[in-house]
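Coordinate-derived values only; no laboratory data. This one's a predicted model, so the numbers in the text were calculated from it and none came from an experiment. Backbone-built Cβ (ideal geometry, glycine too); neighbour counts: all protein chains shown.
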Amino acid sequence: MARSFTKLSRTVAASVALMLTLAACGTADDEAEVIRVGGTGTSFPHSYKDGSELTGFDTEVITEAAERAGYEVEFQTMDFPGLMGSVTAGRIDTTATNLTWTEDGAKPTYLLAPMLSVV
């Protein structure tokens, strides 16, 4: 139980750090107040649709961190293969979905660190 709580705490801390980093990278115009987040809407429990609304662990953590940093979140759903291309192209700022961190995958998309490591 304590091990699970420690992993959860690390996950939340990493998510908040990521969101604050993204917030600091914004520009001075009005669009800088919105963080665009992509998700598939099919990755339970990370990011899934509850009716027409996107919810799940990743979406809730991102929403909370963004609100605390003074930003709004705009969620966009798309197919999984389009997520990293959308980050690279600047159509979204980050993702809220279950991604596996690898060194090769981190290079083109600037993944800083895994949110959750399961050993």
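Full extension of the chain segment joining Val34 with Glu103 gains 22.0 nm, where the gain is 0.36 nm per residue of separation less the Cα-Cα distance.
Taking other residues whose beta carbon is less than 9 angstrom from the beta carbon of Ile35, and scoring Lys, Arg as +1 and Asp, Glu as -1, yields -3.
Modelled spin-label separation between Asp50 and Ser86, with each label point placed 7 Å from Cα along the Cα-to-Cβ direction: 2.1 nm.
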